[in-house]
Amino acid sequence: MKSQVVLVLALFFVVGAYASFLPDGTGFYTVFGIGLGLSLVAPKIWRLGPKRWVYLVATLVAIFACFYVKFRTPQPQVEDISKYAPLSNAIVRGQVIESPSLTRSERARFLLEVKEINTSGKLNIKNLIQNTEANPSSSNTETKPDEANKFVAASGKLYVTVPLIEATGLRSGQEVELSGRLYVPNRADNFGAFDFKSYLAREGVFAGMNGRSLIEKSDAPFFGEWWFVSRIVRAHVMGAGVPEGALLSSLVLGSRAVDLPSDLKDAFIQAGLAAVLAASGFQVTLVLGAAIALSRNKSLKMQFAIGSLSLAGYLLLTGASPSILRAVVMGFGSLIGLVVQRRSRPVIGLLVTAVLLLLYQPLWIWDLGFQFSFLATFGLLTSSRSIAERLEWLPPTIAELLSVPIAAYIWTLPLQLLVFGKLSPYSLIANVLTTPLVLISTYGGIISGLLGIVFVPIGAAIAWLLYPLLRWTIEIAQWVNTLPSASTSVGSIHLWQMFIAYALFMAIWLVPWFGKMQRWTIAFVLACVVLFVPNAIAQANTFQVTLPAFNDVPIMLIRNQNQTVLINSGDRQFASFTLQPFLQKLGVNRLDWAIATDTQPDASDGWNELISDSVVIAQFRDISVGVTPKPYQNLQQSLANAKTPLASLKAGETLTVNNQVEIQLLNQSPDVLKIKTGELTWLLLPNADPKSQQAIATKKDLLPKLSANILWWTGGQIEPEVLQAINPKIAIASATSVVEAMVNQLYESKIRVFYTGRDGAIQWTPEKDFHTLRDQQDTRSPI
């Protein structure tokens, strides 16, 4: 009974911490409602479980966790560096908190503990020269505070990116001086996009610097954990090469300690093998198991000491990430159980570990690594044995091998659908095929790393022997990604769907009534219905128009009656990091119509990225005039290889998507598009420069056709004659800014004005009319 009480209290604490993100105090009401409901229902269903008062106490614990997370949420202090941002040219002094890592744009990034800032961005060169002449032996990089203009005390953390060459050899703990552009991180501009500002805020960082130059004010530490890590990585790369050596280092130390090539990391993530690259419980289990095996002939106290040193050393090498800390704390719990000769309760140990970690750092509840690691481990402990028993028709070894990835997959699936809206159908196959390879490679990598610390060539020799296994692992991941529908977007689920699914999973585990195979199957099928059916129904009945925010490029996504239309794609970076994740969360795998109004790379190069990400394009239309850029020629070739019909729209031609959506090219050069979505009509002017405006105004036969409910343009000045002909009720600019005179003119005409530079992405549905991303963000909590 005591263990059941601890189980319920710990679970409620975790749920309360997770509910803290809900806006306007709804987290409090949510956990209160859940606790009150369970106190009435649970004792009747789980007759051998805790009494009613336990659930009432657990509700108070959940409410405490909810408020505790909010209380521990970082806020900028009085002297925080963010109060000086934005600043085009600043000099900052401080201490490097973490060793630099590589961004996708091939720049180095790290966190800096700020001490001083020079807002003028200029050093007093005269004083510096005089000081150097008076003391020629001093280094020209050692400037004292009195040698600079207007250095003032500052505090807080700073997210820094600098050219890679500037950060070469930089280590944690070094004092540095940086010059560059100080900025406030931007909120997400698009629905479903990565919120960089919120991410940094959870780390206690409220400003960033795009660094141009870096001066080291102190020498790198002579010795530290980085020395061991660098020798381990050198041994692996020297023996197995690249990328196999980098993969081996990631298997041993985790991807946080090693900069894996982006394409390799993406291949593993898409194949459902992301857990392979993250140092977590698997690696900790191997390290602890090896330590106990080597000391099995020693006393229990000696085994505890050796095991503790192994865990502490591994934690030091990999960094204190939430998933590693979770595994290490559980490992210490196992060691304590070994010493006191008592059988441990792994599920209780996992939950108590989660509570302890969240008490230490409550914002880890938002760390995806922590969430997935916790759920995968919970699934293994609660469900893998039951799954193996239901696979009794298979040989025991194969049943055990299959039960582990199946349990982890089932318990992480609802969270994966909530966050990404994406399935990896072949991840079970990939995990089963790679598990033996990863197991042997990780053990070998640990041995190679330990020998490499002593003498790099010896470690490299062991890594060389592991090359075939690493190569096969990479090829399996790449092969899985070539299979049909290897990555399927099903759409993001709602929070209530995830909670119901996990409630059913918990019932299967805890309630004896579900123990029988038939009832267990019914509960599992019901969970799948909750996860997938509501989205399928919603997608079939959705009518939605979205205008993403991307510079001055007009982009529109229309969804209606399971038909999807995309007008323009932006450049590759926008398509990869914003548009494709948005399509995943909507459950879009196919574009029925793709239309390019501009062949220039900033407006159309993203099509190549979408095609490479397995988005199917059924029909492609463009408005091509003049010379075709090379990226667009590559797109034409890709479309031809995929046998996608490609044609150019002609003036007056109408594309009928269905009875609610039509697209017509009213004029070509300058281009004018008219779009019908239900009862609304949109007029798109992709090029609103004065010359184009004058050309439109001179075409008297065109002006009557311009009438529309919505003017959609790129933010420039619209000729009064053209604006009068359009006679819009709403004006929407896909632009970072709008000409002030134009805004005034629209307001005087009582026309509602939106523009993506201010409002973020803009969306229309028949139920909500027009709403913007900023409206949605303003109702959320500060994080």
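The values are calculated or read from the model by the stated rules, or taken from the named source; none is laboratory data. Worth saying up front: this structure is predicted, and the values here are computed from it rather than measured. Don't worry about glycine lacking a Cβ; one is built from the backbone with ideal geometry, like all the others, and counts go over all protein chains shown. What goes into the accessible areas is simple: the full protein's heavy atoms, side chains included, and nothing from ligands, DNA or RNA. Shrake-Rupley method; radii C 1.70, N 1.55, O 1.52, S 1.80 Å.
Quick notes on this one:
- Every pair of residues 6+ apart whose Cβ atoms lie under 6 Å, when the first sits in the stretch 456-480 and is touching a residue at least 40 places away in the same chain (Cβ under 8 Å) while the second is open to solvent by 30 Å² or more (accessible area, probe 1.4 Å) and outside any helix (DSSP H, G or I): 480/426
- Residue check for residue 485: outside any helix (DSSP H, G or I) and loosely packed, with under 15 Cβ neighbours inside 10 Å: yes
- Sole exception among (1) more than 23 Å from the chain's Cα centre (by Cα); (2) at pLDDT below 90; (3) polar (S, T, N, Q); (4) under 27 Å from residue 193 (Cα atoms) for residue 633, by number: (4)
- In the set (1) in contact (Cβ under 8 Å) with a residue 60 or more places away in the chain; (2) surrounded by 14 or more Cβ atoms within 10 Å (Cβ to Cβ), residue 284 fails one condition alone, (1).
- Among the residues of the stretch 698-707, the ones that are surrounded by fewer than 16 Cβ atoms within 10 Å (Cβ to Cβ) and either under 47 Å from the mean Cα position of the chain (by Cα) or assigned to a loop (DSSP other than H, G, I, E, B) (or both) come to 4 in all.
- When we screen 311, 273, 350, 358 for residues that are aliphatic (A, V, I, L, M), at pLDDT 80 or above and within 14 Å of residue 254 (Cα to Cα), the only hit is 273.
- Scanning the stretch 163-196 for residues that are in a strand (DSSP E or B) and surrounded by fewer than 19 Cβ atoms within 10 Å (Cβ to Cβ) gives 163, 175, 181, 183.
- Taken together, 400, 392 contain a single residue that is in contact with a helix residue (DSSP H, G or I) (Cβ under 8 Å, 6 or more places away or on another chain), of a type in the set (D, E, K, R), open to solvent by 70 Å² or more (accessible area, probe 1.4 Å) and in a helix (DSSP H, G or I), which is 400.
- Selection status of residue 603, at pLDDT below 85, within 25 Å of residue 715 (Cα to Cα) and either part of a loop (DSSP other than H, G, I, E, B) or among the hydrophobic types (A, V, I, L, M, F, W, C) (or both): yes
- Which listed residue is closer than 30 Å to residue 58 by Cβ, in a helix (DSSP H, G or I) and touching a residue at least 24 places away in the same chain (Cβ under 8 Å), from 434, 412, 442: 412
- Condition met for residue 535 (part of a helix (DSSP H, G or I), farther than 27 Å from residue 187 by Cβ, polar (S, T, N, Q) and open to solvent by less than 30 Å² (accessible area, probe 1.4 Å)): no
- The set of residues in the stretch 563-596 that are under 18 Å from residue 661 (Cα atoms) and either at pLDDT below 90 or open to solvent by 20 Å² or more (accessible area, probe 1.4 Å) (or both) comprises 563, 590, 593.
- Close pairs (8 angstrom Cβ cut-off, 6 or more residues apart or separate chains): farther than 21 Å from residue 562 by Cα in the stretch 654-683, among the hydroxyl-bearing types (Ser, Thr, Tyr) and crowded, with 19+ Cβ neighbours inside 10 Å anywhere: 670/692; 671/597; 673/597
- Residue count for the stretch 64-90, restricted to those that are in contact with a Phe, Trp or Tyr (Cβ under 7 Å, 6 or more places away or on another chain) and within 29 Å of residue 15 (Cβ to Cβ): 2
- Pairing residues of the stretch 488-502 that are closer than 15 Å to residue 542 by Cβ with residues that are of a type in the set (Gly, Ala, Ser) and open to solvent by 30 Å² or more (accessible area, probe 1.4 Å), at Cβ distances under 8 Å and at least 6 apart in sequence or on separate chains, gives 491/538; 492/192.
- Exclusive hit being among the aromatic types (Phe, Trp, Tyr) and buried (at least 22 other Cβ atoms within 10 Å of the Cβ), set 12, 28: 12
- Some residue of the stretch 73-90 being among the acidic types (Asp, Glu), modelled with pLDDT of 80 or more and surrounded by fewer than 16 Cβ atoms within 10 Å (Cβ to Cβ): yes
Residue-wise test of (1) among the charged types (D, E, K, R); (2) assigned to a strand (DSSP E or B); (3) in contact with a helix residue (DSSP H, G or I) (Cβ under 9 Å, 6 or more places away or on another chain).
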position: 569; (1), (2), (3): no, no, yes
position: 574; (1), (2), (3): no, no, yes
position: 579; (1), (2), (3): no, no, yes
position: 583; (1), (2), (3): no, no, yes
position: 595; (1), (2), (3): no, yes, no
position: 599; (1), (2), (3): no, no, yes
position: 607; (1), (2), (3): no, no, yes
position: 631; (1), (2), (3): no, no, yes
position: 636; (1), (2), (3): no, no, no
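- For the stretch 234-254, the count of residues that are farther than 27 Å from residue 465 by Cβ, among the small types (Gly, Ala, Ser) and touching a Gly at 6+ places or on another chain (Cβ under 7 Å) is zero.
- Close contacts from the stretch 544-573, counting a first residue that is in contact (Cβ under 8 Å) with a residue 60 or more places away in the chain and a second that is part of a strand (DSSP E or B) and hydroxyl-bearing (Ser, Thr, Tyr), with Cβ to Cβ under 6 Å and a gap of 6+ residues or different chains, come to 544/765; 545/677.
- Among residues of the stretch 203-225 being assigned to a loop (DSSP other than H, G, I, E, B) and open to solvent by 40 Å² or more (accessible area, probe 1.4 Å), the one that is farthest from residue 167 (Cα to Cα) is 203.
- Residue 17 fulfils the conditions (1) modelled with pLDDT under 80; (2) open to solvent by less than 10 Å² (accessible area, probe 1.4 Å) except for a single criterion, (1).
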